[in-house]
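Beneath this line is the structure, given in structure tokens, with notes to follow.
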Amino acid sequence: MRNAVSALAALLPDLGRRTLVMGILNVTPDSFSDGGRFQDLDAAQDQAARLVEEGAALLDIGGESTRPGHVPVPAEEEQARVLPAIRLLSPALPVPISIDTYKASTAEMALRAGARIVNDVWGLQREPEIARVAAHHGAPVVVMHNRETIDPSLDIMDEMRAFFERSLTIALQAGIPDRDIVLDPGIGFGKSWEQHLEALRRLPELKALGFPLLVGVSRKSVLGRIHNAATAPADRLFGSIAAHVTAASLGADIVRVHDVRPHVEACQVVDAITRPASRAGA
């Protein structure tokens, strides 16, 4: 019999009470913003400690870039990147680690190594076996919307609802309870520029599905197009904060970011205004 307490609630007890900040730790050579910076274990350890010190409630570790035009890597190579970092960090950190992967075999090994959450950019649909892996380990999942191609003619909310219905069916069949599922609209993935903004604008409709929401816009090109397409990803901090503050005010429960401290402070302001209970005892 499953424990009556949600695994997600046990890992993130403040979920729903305040906006949580997920820190990004890419152990890749080619991620769009920080590729190559944290491949070395010492550098990864230092960065993880810094993100947690700055207020990250969880860390998302990824070993395959999913930037536009990325080249997929074999599971063995992805695992060679992420597993040493997870084994090193999971016993030492006071926050849970999520594994950013759509591969079932990588999720299996990462959960064995100490990861606690599966963050799948293909919403359990690229390799549906990943749902059974998560269920076996009692791990919550982040289910992200994605598309192989961009179709500007779509009503993006209708498209996301249909996508998530398929993902939720996979999760149900695998034995993942609804209470351990987080939805992510997938900003930066499979959408036109206008659809990215529409997805953010209509977050309350997604929130109405009854699941916690994760939003990640950090340093992405959708921001560059708004203020300056030539801006380097690392120079998009202000736009990232604006996007995530807006998302939090519209219902996002978790924001996935590179720059933790500025987002923690910004979200504290949002929460003080929109979630007064988050200030209790402060």
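The values are calculated or read from the model by the stated rules, or taken from the named source; none is laboratory data. In this text, all values refer to a predicted model and were calculated from it rather than measured experimentally. No Cβ is skipped: glycine too gets one built from the backbone with ideal geometry, and neighbour counts run over all protein chains shown. Heavy atoms of the whole protein, side chains included, go into the accessibility calculation; ligands, DNA and RNA do not. Shrake-Rupley method; radii C 1.70, N 1.55, O 1.52, S 1.80 Å.
Could you give the DSSP H helices of the chain that reach 15 angstrom or more along their long axis (alpha carbon positions) and whose average Kyte-Doolittle hydropathy is no lower than 1.0?
On the way: long enough: 41-53 (18 Å, -0.23); 75-89 (20 Å, 0.06); 156-174 (27 Å, 0.36); 237-249 (18 Å, 1.28); 260-274 (20 Å, 0.46).
Membrane-span-like by this criterion, though nothing is claimed about a membrane: 237-249.
How many percent of the accessible area of the chain is carbon or sulfur, using a 1.4 Å probe?
Values: 6490 of 12130 Å².
For the chain, the apolar C and S fraction of the accessible surface comes to 54 percent.
For a quick protection proxy, order the peptides 169-176, 81-88 by their average other-Cβ count within 10 Å, most packed first. Write out the running numbers ahead of the final one.
Working: 169-176: 17.1, 81-88: 20.9.
Packing proxy ranking, top to bottom: 81-88, 169-176.
Express the Stokes-Einstein translational diffusion coefficient of the range 204-275 in µm² s⁻¹, to the nearest whole number, given a Kirkwood radius over alpha-carbon pairs, 10 °C and a viscosity of 1.306 mPa s.
126
Once you have the alpha carbon radius of gyration of the range 79-228, what is it after dividing by 2.2 N^0.38 Å, with N set to its residue count? The partial results should precede the final answer.
Numbers: Rg = 15.8 Å, N = 150, 2.2 N^0.38 = 14.8 Å.
In units of the 2.2 N^0.38 Å rule of thumb, it is 1.07.
Dividing the convex hull volume of the alpha carbon atoms of the chain by its residue count gives 123 Å³ per residue.
With contributions of -39500 (n - 2.57) from each DSSP H run of at least four residues, the per-residue ellipticity at 222 nm computed over the chain stands at -13000 deg cm²/dmol. Determine which lysines satisfy two conditions relative to K191: a Cα distance under 17 Å, and not lying fewer than 8 residues away in the same chain. Output for K191: K220.
Charges were assigned to the Cβ only: +1 to each Lys and Arg, -1 to each Asp and Glu. The resulting dipole of the range 7-273 about its Cα centre is roughly 280 debye. If you model the range 125-187 as an ellipsoid using its alpha carbon gyration tensor, with each semi-axis the square root of five times an eigenvalue, the axes come out at 23, 11, 9 Å, biggest first.
A 1.4 Å probe run over the chain, with the rest of the protein chains in place, finds 43 Å² accessible per residue. Against the empirical 2.2 N^0.38 Å scaling, what ratio does the C-alpha Rg of the range 140-282 come to? Scaled against compact globular proteins, the figure is 1.08.
A simple packing score, the average count of other Cβ atoms within 10 Å per residue, orders the peptides 206-217, 135-146 as 135-146, 206-217, with the highest score first.
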